[in-house]
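Shown next, in structure tokens, is the structure this report addresses.
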Amino acid sequence: MSTAIRSPFRICLFFIVGLLITLNLTPVFAAATPPKVNWTAGPKAVSLGDNLAQLKVPKGYLFANADDTRKLMTYLGNPTSNDDIGMVVPNDNQQDWLVVFSYNPIGYVKDDDSQSIDKDAILQSIKNGTEEDNKKRQAQGGAPILITGWQEPPHYDPASHDLVWSIAATEDGKPLINYNTRKLGRNGVTAINLVTSPANLPKIKPELNVLIANYAYIPGKQYSDFVSGQDKVAEIGLTALIAGGAGAAAAKTGLLAKLLLILGVVAKKLWFLIILALAGLKQLFGGKKTQPSSDTATKASVEDQSADKAGD
């Protein structure tokens, strides 16, 4: 690659590194070469998980499957999880948000406690766990997280079996937001997590709600398909899902302290969010101003796209 092609990428990289230093973050890439991602462009219905669910990706959005989602997380130096089953991003370089889908087969979560969710007690439990977790964060050189309250208190829709909540927090004085949706199914729970800045949340929520409504378990995997005495029942209810995240086997096991399941999505995906905001989706992944004509848009690596543009 010529110096002329490399320079803009290096300048952008140095700028991002400088920003991360300002934010007291450590930029670590797990791989030198960006992965090639096969983005599926909407409108298109895509499958998620192992014959688990279907998502109707609207026009103007791009979808990455489980493998590509993990590749991106690995490249960006983030811990990856086998629970990740997909990602959606807007095909618009003026928008800087993403939605990550993950699934945990913990079993059928009973919603008997939907009318007795103690929001104050849950919030205090989260604060206590965060204070304990902050000791480890500070020991590792990280800034403590301060839980400031509910950005949106937990609420459950018995018709759609969606559990929604949002926690407001600050890290080193900077606001954080993590908007959570848990969609209950016959055999487990799908976590739908929005990653964005607090200022963007109000205008993005209508788009997020469309994506959530477009996600559905296939017949046989839906919440109403549960067979009593045959199917596995989760050891936790709605309260524990909020307090400990969908990955908790049971609240009493001490997993409430693992608040990365609640707040860690922001930190986990922060590299991705910063790059989306600075470089733009289309510059990073080769998106175009016009909607892709094919259902599947194969995106080349960042450097490959730079080389293409330099040759135009």
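The values are calculated or read from the model by the stated rules, or taken from the named source; none is laboratory data. Bear in mind that the values here come from a model prediction, so they are computed numbers and not experimental data. Quick reminder, even Gly has a Cβ in these numbers, built from the backbone with ideal geometry, and neighbours come from all protein chains shown.
Below is a table of values for the structure above.
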read-out: Test: residue in region 24-37 that is at positive phi, part of a loop (DSSP other than H, G, I, E, B) and modelled with pLDDT of 60 or more; value: no
read-out: Among (1) at pLDDT below 60; (2) touching a Phe, Trp or Tyr at 6+ places or on another chain (Cβ under 9 Å); (3) not in a helix (DSSP H, G or I) - the single one Leu20 does not satisfy; value: (3)
read-out: Any hit, region 65-80, residues being at positive phi, in a loop (DSSP other than H, G, I, E, B), modelled with pLDDT of 50 or more and surrounded by fewer than 16 Cβ atoms within 10 Å (Cβ to Cβ); value: yes
read-out: Test: residue in region 130-137 that is in a loop (DSSP other than H, G, I, E, B), farther than 27 Å from Tyr217 by Cβ and either in contact with a helix residue (DSSP H, G or I) (Cβ under 8 Å, 6 or more places away or on another chain) or at pLDDT 95 or above (or both); value: no
read-out: Test: Leu211 is over 18 Å from Asn51 (Cβ atoms) and at pLDDT 95 or above; value: yes
read-out: Those residues of region 141-179 which are assigned to a strand (DSSP E or B), closer than 21 Å to Tyr108 by Cβ and free of Cβ contacts under 8 Å to residues at least 40 places away in the same chain, in sequence order; value: His155, Asp157, Val164
read-out: Leading residue by the ranking (farthest from Ile122 (Cα to Cα)) among those in region 158-181 that are among the charged types (D, E, K, R) and within 21 Å of the chain's Cα centre (by Cα); value: Lys174
read-out: Test: residue in region 233-248 that is at pLDDT 95 or above and loosely packed, with under 15 Cβ neighbours inside 10 Å; value: yes
read-out: Residue within region 116-123 that is among the hydroxyl-bearing types (Ser, Thr, Tyr), surrounded by fewer than 18 Cβ atoms within 10 Å (Cβ to Cβ), over 23 Å from the mean Cα position of the chain (by Cα) and part of a helix (DSSP H, G or I) present; value: no
read-out: Near pairs, Cβ below 7 angstrom, 6+ apart or cross-chain, from region 101-117 (under 16 Å from Asp231 (Cβ atoms)) to any residue that is aromatic (Phe, Trp, Tyr); value: Tyr108/Phe226; Asp111/Tyr156
read-out: Leading residue by the ranking (nearest to Ser228 (Cα to Cα)) among those in region 124-140 that are free of Cβ contacts under 8 Å to residues at least 40 places away in the same chain and surrounded by 15 or more Cβ atoms within 10 Å (Cβ to Cβ); value: Lys127
read-out: Which numbered condition Ile145 fails, given (1) modelled with pLDDT under 85; (2) under 20 Å from Leu52 (Cβ atoms); (3) among the β-branched types (Val, Ile, Thr); value: (2)
read-out: Matching entry among Pro34, Pro105, Pro58 (being in contact with a helix residue (DSSP H, G or I) (Cβ under 9 Å, 6 or more places away or on another chain) and within 25 Å of Ser160 (Cα to Cα)); value: Pro58
read-out: Number of positions in region 196-237 that are under 28 Å from Ser125 (Cβ atoms), part of a helix (DSSP H, G or I) and more than 20 Å from the chain's Cα centre (by Cα); value: 1
read-out: Residues within region 69-125 that are within 28 Å of Asn187 (Cα to Cα) and of a type in the set (Phe, Trp, Tyr), tallied; value: 3
read-out: Filter pass, Val189 being surrounded by 15 or more Cβ atoms within 10 Å (Cβ to Cβ), closer than 28 Å to Phe226 by Cα and free of Cβ contacts under 8 Å to residues at least 60 places away in the same chain; value: no
read-out: Among (1) of a type outside the set (Lys, Arg); (2) touching a Lys or Arg at 6+ places or on another chain (Cβ under 7 Å); (3) modelled with pLDDT under 90; (4) part of a strand (DSSP E or B), the one test that Ala45 misses; value: (3)
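Per-residue answers, yes or no, for (1) among the aliphatic types (A, V, I, L, M); (2) in contact with a Pro (Cβ under 6 Å, 6 or more places away or on another chain); (3) on the phi < 0 side of the Ramachandran plot:
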residue: Asp162; (1), (2), (3): no, no, yes
residue: Leu176; (1), (2), (3): yes, no, yes
residue: Arg182; (1), (2), (3): no, no, yes
residue: Asn187; (1), (2), (3): no, yes, yes
residue: Val195; (1), (2), (3): yes, no, yes
residue: Pro198; (1), (2), (3): no, yes, yes
residue: Leu211; (1), (2), (3): yes, no, yes
